[in-house]
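These notes concern the structure reproduced below.
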Amino acid sequence: QAQLVESGGGLVQAGGSLRLSCAASGSSLSFNTMGWYRQAPGKQRELVATITNGSTTTYADSVKGRFTISRNNAKNTVYLQMNSLKPEDTAVYYCYAQGKVLDYWGQGTQVTVSS
């Protein structure tokens, strides 16, 4: 069974950048789609970006042109480069990985963007 471990969150000023990483450990599983979701206080969890094992990507309209998702299949790691951050990007960001049988979620990493 895999565990997803996120890193890279923190506090940044508006207009700044952060890079999130998520590594799957404890398993030799390979994953189909991997991605990032986020949940702001008082709001539902929403999709930010996904990437298939063939590197097809999807993005939420709110982050297109600012965020870039990538992955390293050999390391079962997915990344999210976030540029031009806005206060409305403040949320807990969760890593997601679709296995052949089970889906996996990370515990979340806080991203706070100050104005």
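Counting the residues of the range 51-97 that are more than 14 Å from Thr33 (Cβ to Cβ), in contact (Cβ under 8 Å) with a residue 40 or more places away in the chain and either out of contact with any strand residue (DSSP E or B) (no Cβ under 9 Å at 6 or more places or on another chain) or part of a loop (DSSP other than H, G, I, E, B) (or both) gives 5. Within the bounds of the range 58-78, is there any residue that is in contact with a helix residue (DSSP H, G or I) (Cβ under 8 Å, 6 or more places away or on another chain) and hydrophobic (A, V, I, L, M, F, W, C)? Within the range 58-78, one or more residues are in contact with a helix residue (DSSP H, G or I) (Cβ under 8 Å, 6 or more places away or on another chain) and hydrophobic (A, V, I, L, M, F, W, C). Of all the criteria given as (1) modelled with pLDDT of 95 or more; (2) surrounded by fewer than 13 Cβ atoms within 10 Å (Cβ to Cβ), the one not satisfied by Leu47 is (2). Taking the numbered list (1) surrounded by 15 or more Cβ atoms within 10 Å (Cβ to Cβ); (2) at pLDDT 95 or above; (3) part of a strand (DSSP E or B) in turn, Val5 passes all entries but (2).
Specify the residue that is farthest from Thr33 (Cα to Cα); the eligible residues are those in the range 98-113 that are open to solvent by less than 40 Å² (accessible area, probe 1.4 Å) and of a type outside the set (Phe, Trp, Tyr). Among those that are open to solvent by less than 40 Å² (accessible area, probe 1.4 Å) and of a type outside the set (Phe, Trp, Tyr), it is Val113. Just one of the listed residues (Thr90, Thr68) is surrounded by 11 or more Cβ atoms within 10 Å (Cβ to Cβ), at pLDDT 95 or above, of a type in the set (Ser, Thr, Tyr) and touching a Pro at 6+ places or on another chain (Cβ under 9 Å), and it is Thr90.
Report yes if Thr33 is hydroxyl-bearing (Ser, Thr, Tyr) and surrounded by fewer than 14 Cβ atoms within 10 Å (Cβ to Cβ), otherwise no. Answer is no for this residue. Tell me the residue from Ser84, Ser62, Ser7 that is within 21 Å of Ser114 (Cα to Cα) and either among the β-branched types (Val, Ile, Thr) or within 14 Å of the chain's Cα centre (by Cα) (or both), please. Unique residue meeting the criteria: Ser7.
The values are calculated or read from the model by the stated rules, or taken from the named source; none is laboratory data. Remember, it's a predicted structure, so these values are computed and weren't measured experimentally. So basically every Cβ, Gly included, is an ideal-geometry build from the backbone, and we count neighbours across all protein chains shown. In case anyone asks, the SASA skips ligands and DNA or RNA and just uses the protein heavy atoms, side chains included. Shrake-Rupley method; radii C 1.70, N 1.55, O 1.52, S 1.80 Å.
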